[in-house]
Amino acid sequence: MDNTFKIRQTYLETLLGYKDKKIVKVITGIRRCGKSTMLSVFAQELRKMRVSEKQIIEMNFESMKFENITNHKELYSYCKDAINRAPTKRKIYLFFDEIQMVKKWEKAVNSFLVDFDVDIYITGSNAYLLSSELSTLLSGRYVEIKMLPLSFKEFLDFNDFDSKLNLEDKFLLYMKFGGMPAVAEYGFNEKMIYEMLEGVYNTVIVKDIMQRNKITDYALLKKLTDFLAHSIGSINSINSISNFLVSNKETEHKSAPNKMIESYITALQNAFVFYELKRYDVKGKSLLKTLCKNYIADIGIRNMLLGYRDAERGHILENIVFLELLRRGYKVHLGKYLDFEIDFVAETPKEKIYFQVCESLIDKNVFEREIAPLKHIRDNHEKIILSGDKNFITSYDGIKIVNVVDFLLATK
């Protein structure tokens with residue numbers, strides 16, 4: 001518990017910051033990324049603050065203990081009885097883990113806010129958790145906390161390494177096995193780790209995608225998942241994906257309606273398996289409706305599906321940087337400036353940064369290709385190239401050049 005407390009400090013501080021605020025805290029993210037553990041850690045913090053056991057109601061709806069609670073009325077009845085047994089005039093803390101398994105749960109949550117003095121924390125593995133019905137019932141009264149697998153900095157804290165390994169060796173392990181917290185349980189045993197990740201992937205596919213969306217065509221869903229995993233960092237459209245399915249000799253699907261493909265991809269995104277990166281016209285300052293990129297939530301799951309290949313390290317680096325920018329609170333887009341493409345346009349209300357990401361800048365042609373888009377943008381926002389190189393030049397024509405590992409370990 002103490003180790004988990006240490007490595008997910010950012011999330012814990014976020015929850016502590018929202019403690020006793022009159023909003024529902026909704027923690028979302030792919031299965032097994034640490035949401036349930038985070039709730040347990042936070043509940044333990046409450047106990048350290050002398051909150052009594054009767055004030056803390058913890059419910060994990062994947063546990064057999066709560067299998068009889070299937071709808072909002074049953075949930076309300078159970079919690080009402082527990083609240084009435086608690087000390088009077090004291091706030092009650094409600095923890096609902098994987099609450100999307102309870103039908104119309106949002107009605108019960110809304111009633112708790114109306115009827116009792118409560119502080120509510122919810123986790124879920126599907127974006128449908130924040131459906132329009134929830135938004136209507138809890139308008140302005142909830143906040144989403146997006147949880148991702150471990151960052152590289154957390155990965156270093158979480159795992160035990162052979163003393164002979166240097167920082168670069170450890171980063172290679174991160175690129176290969178990803179950031180699921182459970183990786184630490186297997187001592188970097190490749191077979192065991194990939195079997196664990198396969199189990200996570202299959203649970204997500206069955207519970208959060210197929211059952212939730214009533215999808216029956218597993219073969220098509222698998223092909224789409226493999227295609228998106230293979231093409232991280234590449235621009236795609238629904239048409240290009242459809243053409244791939246038609247031309248791929250291994251698939252049984254000679255064709256698939258674009259609407260079906262689009263709905264399957266949306267289901268994968270709603271289960272937090274992939275994140276869509278939309279294009280942004282830097283000059284016109286507007287989002288573009290055509291073409292996008294998709295990045296996977298955990299690079300270890302990608303390597304489990306497709307196998308790890310050194311030739312794809314550039315795209316893997318891109319994926320890792322994208323996730324890190326999300327962790328740091330940036331809104332991220334794919335940049336378009338004239339005929340140039342910028343890997344990431346990262347924005348907060350206070351700043352904007354342009355990023356290019358590549359494995360190495362040693363080759364002169366690669367250097368010119370990567371720096372060209374940033375040179376042509378004439379505004380005063382920060383411009384950074386991230387690469388795997390060490391001891392390279394640190395700036396060029398006002399553009400910073402930073403080692404990607406140094407960037408990942410830097411404090412924002």
Self-check item: Identity of the residue in the stretch 57-92, in contact with an Asp or Glu (Cβ under 6 Å, 6 or more places away or on another chain) and either of a type in the set (A, V, I, L, M, F, W, C) or at pLDDT 95 or above (or both), that ends up surrounded by the fewest Cβ atoms within 10 Å (Cβ to Cβ)
Solution: K91
Practice problem: List every residue pair whose Cβ atoms sit under 7 Å apart, with the two residues 6 or more apart in sequence or on different chains, where the first one lies in the stretch 394-410 and is closer than 17 Å to D157 by Cβ and the second, anywhere, is part of a helix (DSSP H, G or I) and basic (K, R). | Solution: L408/K153; L409/K153
Quiz prompt | Residue satisfying all of: in the stretch 30-44; of a type outside the set (A, V, I, L, M, F, W, C), touching a residue at least 40 places away in the same chain (Cβ under 8 Å) and surrounded by fewer than 20 Cβ atoms within 10 Å (Cβ to Cβ); farthest from L134 (Cα to Cα) among these | solution = Q44
Quiz item: Cβ-Cβ below 6 Å, separation at least six or inter-chain, first residue in the stretch 99-116 and assigned to a strand (DSSP E or B), second not aliphatic (A, V, I, L, M): which pairs?
Solution: K103/N71
Quiz prompt | Selected residue (only one of L197, L150 is assigned to a loop (DSSP other than H, G, I, E, B) and within 23 Å of M38 (Cα to Cα)) | solution = L150
Exercise. Select from the stretch 342-361 the residues that are exposed (fewer than 14 other Cβ atoms within 10 Å of the Cβ) and within 19 Å of G284 (Cα to Cα) and list them in ascending order.
Key: T348, P349, E351
Exercise. Being of a type in the set (A, V, I, L, M) and in contact with an Asp or Glu (Cβ under 9 Å, 6 or more places away or on another chain) is the filter; apply it to the stretch 153-192 and report the residue that is nearest to R8 (Cα to Cα).
Key: M180
Quiz prompt | Hey, V26 outside the structural domain of Y201 (by TED's automatic domain parsing), among the β-branched types (V, I, T), assigned to a strand (DSSP E or B) and surrounded by 15 or more Cβ atoms within 10 Å (Cβ to Cβ) or not | solution = yes
Self-check item: Sole residue being assigned to a loop (DSSP other than H, G, I, E, B), touching a strand residue (DSSP E or B) at 6+ places or on another chain (Cβ under 8 Å) and assigned by TED's automatic domain parsing to the domain that holds N202, chosen from F272, F322
Solution: F272
Exercise. Take N84 and decide whether it is part of a loop (DSSP other than H, G, I, E, B) and without any contact (Cβ under 8 Å) to a residue 12 or more places away in the chain.
Key: no
Quiz item: Given the residues S77, S36, which is the only one that is outside the structural domain of G179 (by TED's automatic domain parsing), more than 29 Å from the chain's Cα centre (by Cα) and small (G, A, S)?
Solution: S77
Self-check item: Every residue from the stretch 31-64 that is more than 29 Å from L268 (Cα to Cα) and out of contact with any helix residue (DSSP H, G or I) (no Cβ under 9 Å at 6 or more places or on another chain)
Solution: A43, K48, M49, R50, S52
Quiz item: Counting only residues that are touching a residue at least 24 places away in the same chain (Cβ under 8 Å), surrounded by fewer than 16 Cβ atoms within 10 Å (Cβ to Cβ) and of a type in the set (S, T, Y), how many does the stretch 132-159 have?
Solution: 0
Quiz item: Could we say that V114 is out of contact with any strand residue (DSSP E or B) (no Cβ under 9 Å at 6 or more places or on another chain) and aliphatic (A, V, I, L, M) here?
Solution: yes
Exercise. Go over the candidates I301, I296 one by one and state the one that is at pLDDT 95 or above, crowded, with 23+ Cβ neighbours inside 10 Å and either touching a strand residue (DSSP E or B) at 6+ places or on another chain (Cβ under 9 Å) or not assigned by TED's automatic domain parsing to the domain that holds V204 (or both).
Key: I296
Practice problem: Starting from the stretch 223-242, take each residue that is in a loop (DSSP other than H, G, I, E, B) and list its partners that are aliphatic (A, V, I, L, M), counting only C-beta distances under 7 angstrom and pairs at least six apart or across chains. | Solution: I232/I296; I235/L291; S237/L291
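Of all residues in the stretch 362-382, how many are outside any loop (DSSP other than H, G, I, E, B) and under 15 Å from K283 (Cβ atoms)?
Initial filter on the stretch 362-382 (outside any loop (DSSP other than H, G, I, E, B)): 364-376, 382.
Restricting the remaining residues to those that are under 15 Å from K283 (Cβ atoms) gives 373-376.
Count: 4.
The values are calculated or read from the model by the stated rules, or taken from the named source; none is laboratory data. Since the structure is predicted, the reported quantities are computational estimates derived from the model, not experimental observations. We place every Cβ from the backbone using ideal geometry, glycine too, and count neighbours over all the protein chains shown.
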